[in-house]
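Presented below is the structure to which this report refers.
We did not get these values from a lab; they are worked out from the coordinates using the rules stated. Please read these numbers as outputs of a predicted model, since none were measured by experiment. FYI the Cβ positions are ideal-geometry reconstructions off the backbone, even for glycines, and counts take in every protein chain you see.
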Amino acid sequence: MTDLLSEPEESMVRDAGTGTAPITNAMTVDVEDYFHVSAFARVIDRAHWDRYECRVENNTRRLIELLARYDIRATFFVLGWVASRYPDLVREIADAGHEIACHGLTHKLVYEQTPREFRDETKTAKALLEDIIQVPVNGYRAASYSITAKSLWAIDILAELGFQYDSSVFPIRHDRYGIPGAARKPHWISGAGGASILEFPLSTKDLGFARLPVSGGGYFRLFPYSITRIALASINRDEGIPFIFYLHPWEIDPGQPRIRASRLSRFRHYTNLAKCESMLCRLLGEFRFGTVCDSLGELGLRPGVGPGVQGSRSVSASDHVDK
Ligand SMILES: [Zn+2]
């Protein structure tokens, strides 16, 4: 708790971690539009998505320009629906040096699909992206982090489809997602069938009595920037591990059409959209970022190399659940 009461020196943020080389954190973007989000799923029928004004192209291009300004390569988890309509956008992301990864096909929650539906949708989405960029797609993130205790079977299917890492587990308690008590660090995760892939869980700051989700999205917009900065610096400096940050293109678009949804959904979606871009610029200037593979590689966790590899920062293969 004391970590959150004392603001780190600027130099500590820049050299967060071991005091030697700064840690490379993972910067990620979930490429979807404002009308795809799960919070609006009750009021926007998937069959009507084509009726909405698409803003994802323009907003994603703005994010590409922003990342270029800070010379940062990121991982973009692209929704299949977006890739099928805007293949040039996917090529632009890849041509800018970023990693293309998969955010599923139609933003259905994993635990609301049967394993067969999930396999078919995910296989189609992966092939769609690989057809566009002509290189293998190794990473996956589920819609609304919906790999939970009841949908861990998805890990076996991801391994079967050739994915090498996943970033869908949010180790907190939440109404729509989360595996409370799951490991907070990157680790090898096994499905019910025994297949293993790397998992980079969404980052949290462990306060002892609770875990604070500080890794991006609505949490980034809701918390004062200073809280995010202090918590993320502490993950690097005190735990010596990278964090993974996520954002959606619509989060830097305060001019997006307003959707009539529940008060809670509107609060989560619209709060501080106008401040998000400037806060993101501060973050990009204050921490070191790379792709998911850059960040995992620095830990000695290389996608494609099986469990048992010892990381340079001592994250072991058996570190599955936090003690
Ligand atoms: Zn999403």
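For this structure, a couple of remarks:
- Total lysine pairs under 16 Å (Cα atoms) in the range 10-315, excluding pairs fewer than 8 apart on one chain: 4
- Per residue, the convex hull spanned by the Cα atoms of the chain amounts to 125 cubic angstrom.
- Phi to ³J(HN,Hα) by Karplus 6.51 cos²θ - 1.76 cosθ + 1.60 over the range 179-195, Hz, x for Gly, Pro: 10, x, x, 5, 4, 8, 9, x, 7, 7, 10, 10, x, 4, x, x, 6
- Top positive-direction residue, dipole computed over the range 10-315 with Cβ charges, set 38, 138, 97: 38
- Estimated from the Cβ-Cβ distance and a Förster radius of 35 angstrom, the FRET efficiency linking residue 127 and residue 238 is about 0.25.
- Calculated mean residue ellipticity at 222 nm for the chain: -10000 deg cm²/dmol, from DSSP H runs with n ≥ 4 weighted as -39500 (n - 2.57), summed, divided by the residue count and rounded to 500.
- Theoretical gain in end-to-end length, residue 174 to residue 73 [0.36 nm per residue, Cα-Cα removed]: 33.4 nm
- Point-to-point label distance, residue 117-residue 192, nm (Cα→Cβ direction, 7 Å offset): 1.6 nm
- Pairs of Cα atoms nearer than 8 Å and 6+ residues apart set the relative contact order; for the range 10-315 it is 24 percent.
- Along the axis of the charge dipole computed for the chain (Cβ charges of +1 for Lys and Arg, -1 for Asp and Glu, origin at the Cα centre), the listed residues 226, 296, 210 are led at the positive end by 210.
- Over the range 155-255 - Rg/Rh using Cα atoms and the Kirkwood inverse-distance radius: 1.00
- Given charges at Cβ of Lys, Arg, Asp, Glu: the range 72-164 dipole, positive-most of 113, 149, 162: 149
- The amide H of residue 178, built 1.01 Å from its N in the peptide plane, has 170 as neighbours under 5 Å, considering only residues 5 or more places off or on other chains.
- Spatial offset of the range 216-283 relative to the range 131-185 amounts to 21 Å, using the alpha carbon center of each.
- Local electrostatic count at residue 271 - Lys and Arg +1, Asp and Glu -1, tallied over other residues with Cβ under 12 Å: +4
- Within the chain, DSSP assigns beta bridges of which about 30% are antiparallel (rounded to the nearest 5).
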